[in-house]
């Protein structure tokens, strides 16, 4: 079964940027999935069981922290690697995010090269 | 169209035919509706859609943007409609990907500039900022050479702050081209240097492409950043814009670094000024005094601060100062006193004491460590003066002699005065007593006088020789004080004399206090005849001789009254 990466952000241009960044992985058969809010993300996660989720923290409806908590603590989908995306200057949330079960943190503006290499590394696992 | 363009088209084609569910479904439905079998091969004849085993009558190249991306084969000619549909879907996807690529590349730039400003904002030295700026520029703008130049208006000179890439004549070129570089910097423009201009310029001939951007801060230009490439390449307008942005960020950081350094220097100058003031005030109020009050600096003291502690108080006074000063002008008098103080001060400090007050023809010193150090200092002061006097005598000047008196006891050190005028003060009976004892040394003709209390508290009594001079009483006080003369401060001949006659002197004193004045007088006479400089013996000789003729009361104890200070 092909590996899946879910990209969750309410801003379309960020989704596009991450898509462009991770485009090369598609050649290796990785499927990129997208969600524009927390609720959508949650239903895709339950249905598709992606290996990796890039999850924006600041989102309407269900925010990234809540999604993270539901996935890791309530649904116990601990195999899904979650990377929280947060704006620079909001690093104070870091510990909270990790407490919610996030595996890693990335700050925006993210470094595309760094993002790709992290994704490659995790997908291989 | 570059390689990159082809790969983007191929990528879009694969996406439309293999991954995009909507496109796939539309194509499938249309083909089935038209009843057409469809085969799409990429430019390497790899199957992207359909079954290669089947027969196809119609074949057409898939060309987009004049690029042959592959072949579309159909089972009949109406397949050309499908080709148009694929092209439409493909073009749309390509556009999306192209914009995405552009956005990503812009995003990379933003990210780089973000990172750059974060990195340089941490630096306070301009050279590091320049290094980082060049390093980051070369990472995002393909370049083999870089040069970071600063213009110093004071020196009217352009100098290198950082560089990369091999340029053996860099220093010389900058020197030769200084006027050109200066005018470029002062113009403050960014530009890509045309190819013919590069060829004509000896200092950049080793490069194929050159561009530069000014380091601008408000209306000034601090310098410029130059990037170059040794291979044939054209810097683009976008790259120049990026370099300009980097240069702007860097210029702001360099300006702040300058301001920081300036602020740092000012702060250092202020600190130095304060240190000097502190050093000078410390000379007016001894730092030991301030430390005794439990304060680190003079700025910490305030009116009313006080402390009580046991110290040895020493008064030293120049003998016959009036005689010496008579022959001197007021200025020479001042120089003489300064010369004297200059010799004595270090001895006091060496023995862990400090001078509390200068008294014109003498001084008061305090020794917190007690009488041993006070007495060591007193003996040494005399010895230094003996040496000094040898010089003075050669110069036909009067020798300088001092009398020293000391007492040990508790005293209160404190800050007195009013809110506008403060002074370090000590209040104690010990000070009065020490001053009076020093006064007595004149009377007894001794060089060092100390109380029994001082003598008993010496940690090494054996180091000194003493003569007991009897009890004295301060006017207004009930208790008398036993007084001793320390002879170690006397010149060698007097010291030898006193040492040799010590037992006779002690006997004489015993006679004296036993009221056997005739015996005492004989003994003192004997001592005095041996050395007429022994003023103490002379004094007791006279006293004894006088008392022989006097009616002596039963309770006479030979107590000397101290009236004068």
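Residues are listed down the side, and each one gets a yes or a no for (1) more than 60 Å from the chain's Cα centre (by Cα); (2) in contact (Cβ under 8 Å) with a residue 24 or more places away in the chain; (3) within 27 Å of residue B:5 (Cα to Cα):
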{"position": "B:28", "(1), (2), (3)": "yes, no, no"}
{"position": "B:39", "(1), (2), (3)": "yes, yes, yes"}
{"position": "B:75", "(1), (2), (3)": "yes, yes, no"}
{"position": "B:80", "(1), (2), (3)": "yes, no, yes"}
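Are any of the residues in the stretch B:426-446 modelled with pLDDT of 90 or more, in a strand (DSSP E or B) and over 41 Å from the mean Cα position of the chain (by Cα)?
no
Can you tell me which condition residue B:14 does not meet? The list is (1) in contact with a strand residue (DSSP E or B) (Cβ under 8 Å, 6 or more places away or on another chain); (2) closer than 30 Å to residue B:237 by Cα, and all the others hold.
(2)
Given the residues B:7, B:117, which is the only one that is within 14 Å of chain A (Cβ to nearest Cβ) and under 30 Å from residue A:87 (Cβ atoms)?
Values: B:7 fails: under 30 Å from residue A:87 (Cβ atoms).
Going through B:7, B:117 in turn, just one is within 14 Å of chain A (Cβ to nearest Cβ) and under 30 Å from residue A:87 (Cβ atoms): B:117.
List the helices (runs of 4 or more DSSP H) that sit entirely inside the stretch A:1-91 and contain at least 2 residues that are more than 14 Å from the chain's Cα centre (by Cα), within 14 Å of chain B (Cβ to nearest Cβ) and under 23 Å from residue A:117 (Cβ atoms).
Working: elements: A:12-27, A:38-48, A:64-69.
Ranges flagged: A:12-27.
Of all residues in the stretch B:324-345, which are surrounded by 12 or more Cβ atoms within 10 Å (Cβ to Cβ) and under 15 Å from residue B:364 (Cα atoms)?
Hits for the stretch B:324-345 are B:337, B:340, B:341, B:343, B:344, B:345.
Residues are listed down the side, and each one gets a yes or a no for (1) surrounded by fewer than 15 Cβ atoms within 10 Å (Cβ to Cβ); (2) assigned by TED's automatic domain parsing to the domain that holds residue B:12; (3) over 30 Å from residue B:23 (Cα atoms):
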position	(1), (2), (3)
B:84	yes, yes, no
B:87	no, yes, no
B:99	yes, yes, no
B:104	no, yes, no
B:173	no, no, yes
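Find all pairs meeting these conditions: Cβ atoms under 7 angstrom apart; at least six residues apart or on different chains; first residue within the stretch B:98-111 and facing chain A (nearest Cβ under 7 Å); second residue loosely packed, with under 14 Cβ neighbours inside 10 Å.
What qualifies is B:103/A:13.
Identify, by number, the condition in (1) surrounded by 15 or more Cβ atoms within 10 Å (Cβ to Cβ); (2) out of contact with any strand residue (DSSP E or B) (no Cβ under 8 Å at 6 or more places or on another chain); (3) modelled with pLDDT under 90 that residue B:458 doesn't meet.
For residue B:458, the failing item is (3).
Against the conditions (1) surrounded by fewer than 17 Cβ atoms within 10 Å (Cβ to Cβ); (2) touching a residue at least 60 places away in the same chain (Cβ under 8 Å), where does residue B:465 fall short? Just the number, please.
Residue B:465 satisfies every listed condition except (2).
Can you find a residue that is farther than 30 Å from residue B:105 by Cβ, free of Cβ contacts under 8 Å to residues at least 12 places away in the same chain and in a helix (DSSP H, G or I) anywhere in the stretch B:150-172? First the steps, then the outcome.
Step one: filter the stretch B:150-172 for residues farther than 30 Å from residue B:105 by Cβ, giving B:150-160, B:168-172.
Okay, now just the ones that are also free of Cβ contacts under 8 Å to residues at least 12 places away in the same chain, so B:152-155, B:168, B:171-172.
Imposing the further condition that a residue be in a helix (DSSP H, G or I) reduces the set to B:171-172.
Within the stretch B:150-172, one or more residues are farther than 30 Å from residue B:105 by Cβ, free of Cβ contacts under 8 Å to residues at least 12 places away in the same chain and in a helix (DSSP H, G or I).
Can you give me the number of residues within the stretch B:116-138 that are within 27 Å of residue A:15 (Cα to Cα) and in contact with a helix residue (DSSP H, G or I) (Cβ under 7 Å, 6 or more places away or on another chain)?
Within the stretch B:116-138, residues that are within 27 Å of residue A:15 (Cα to Cα) and in contact with a helix residue (DSSP H, G or I) (Cβ under 7 Å, 6 or more places away or on another chain) number 3.
Just to be sure, is residue B:140 within 14 Å of another protein chain (Cβ to nearest Cβ) and in contact (Cβ under 8 Å) with a residue 40 or more places away in the chain?
yes
The values are calculated or read from the model by the stated rules, or taken from the named source; none is laboratory data. Everything numeric in this text was worked out from a predicted model, so none of it was measured. Methodologically, a virtual Cβ is constructed for each residue, glycine included, from the backbone with ideal geometry; neighbour enumeration extends over all protein chains shown.
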